[in-house]
Amino acid sequence: MHYINTTIMELKYENIPTGYPLCFIDRCPLKDQCMHHLCGQAIPPTLLTAVTVTPAALDDGRCALFRKIETIHSAVGFARIFKDVKQRDAPLMRRELTAYLGGNGTYYRYMHGRRGLTPEQQQWIQELFARYGYTHPVAFDGYEECYRFWE
C-alpha cells in the first residue's frame with residue numbers, strides 16, 4: 001500500500017495540490033524525509049502567501065504533520081474505459097464512478113488525465129467493473145510516477 005520514494009524526483013509547484021501545507025521549519029530533524037518540507041522547497045520566488053505547517057507542529061523532534069515522501073504509480077486518463085462495456089451497463093457504471101470521484105467536474109479531470117488516479121482508486125475502478133461482470137483488466141490511457149500528497 002505504501003510506495004516509498006528512494007530518490008527525489010523534481011517537484012514543480014504547480015503540481016502541489018491547492019491548500020497542501022508547506023513547511024519551512026529548517027530545524028526539523030525529519031525535514032529531508034517530509035513531503036511538506038519538500039513542497040516548501042518548491043515554491044516560486046513570487047509566492048507571497050501559502051498554507052503552512054507552523055512551528056507548533058514540532059514537539060521534541062517529532063512533527064504532528066510529518067508526511068513521508070512517497071511516490072505512486074498513477075494512472076493518467078481513461079477516455080476509452082467504457083469502450084467494451086454493454087450499453088445497458090455504461091450509464092450505471094459511469095454514475096457510480098462519477099460519484100466515487102467526487103462529481104462531474106472531477107470525473108472529467110481524471111478522465112482527461114489532468115489528475116492522476118492513485119493505486120487505491122485504480123483498484124476501486126477495477127472492482128466496479130468486476131461487480132458488473134467485466135473481469136478483464138481496466139485499460140487506463142497511461143501511467144506515471146508521481147508524489148503521493150494525501151493518504
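Quick notes
- Members of region 95-124 found to be open to solvent by 90 Å² or more (accessible area, probe 1.4 Å) and touching a residue at least 12 places away in the same chain (Cβ under 8 Å), listed by number: HIS112
- Whichever residue in region 133-147 is under 26 Å from VAL85 (Cα atoms) and part of a strand (DSSP E or B) and, among such residues, is least open to solvent (accessible area, probe 1.4 Å): GLY142
- A single member of ILE16, ILE8, ILE4 is touching a helix residue (DSSP H, G or I) at 6+ places or on another chain (Cβ under 9 Å), loosely packed, with under 15 Cβ neighbours inside 10 Å and modelled with pLDDT under 95, and it is ILE8.
- Near pairs, Cβ below 7 angstrom, 6+ apart or cross-chain, from region 47-60 (modelled with pLDDT of 95 or more) to any residue that is open to solvent by 70 Å² or more (accessible area, probe 1.4 Å) and outside any helix (DSSP H, G or I): THR52/PHE24; VAL53/LEU65; ALA57/ALA64; ALA57/LEU65
- Screening region 64-82 for residues that are open to solvent by 30 Å² or more (accessible area, probe 1.4 Å) and without any contact (Cβ under 8 Å) to a residue 60 or more places away in the chain and picking the one that is farthest from the chain's Cα centre (by Cα) gives ALA64.
- Scanning region 27-60 for residues that are of a type in the set (D, E, K, R) and either touching a strand residue (DSSP E or B) at 6+ places or on another chain (Cβ under 8 Å) or part of a helix (DSSP H, G or I) (or both) yields ARG27, LYS31, ASP32.
- Some residue of region 123-131 being closer than 28 Å to GLU10 by Cα and in contact with a strand residue (DSSP E or B) (Cβ under 9 Å, 6 or more places away or on another chain): no
The values are calculated or read from the model by the stated rules, or taken from the named source; none is laboratory data. Model, not experiment: these values are computed from the prediction. Note: ideal-geometry Cβ built from the backbone for every residue, glycine included; neighbour counts use all protein chains shown. The protein model used for the area step is the full one, side chains on, heavy atoms only, and it has no ligands, DNA or RNA in it. Shrake-Rupley method; radii C 1.70, N 1.55, O 1.52, S 1.80 Å.
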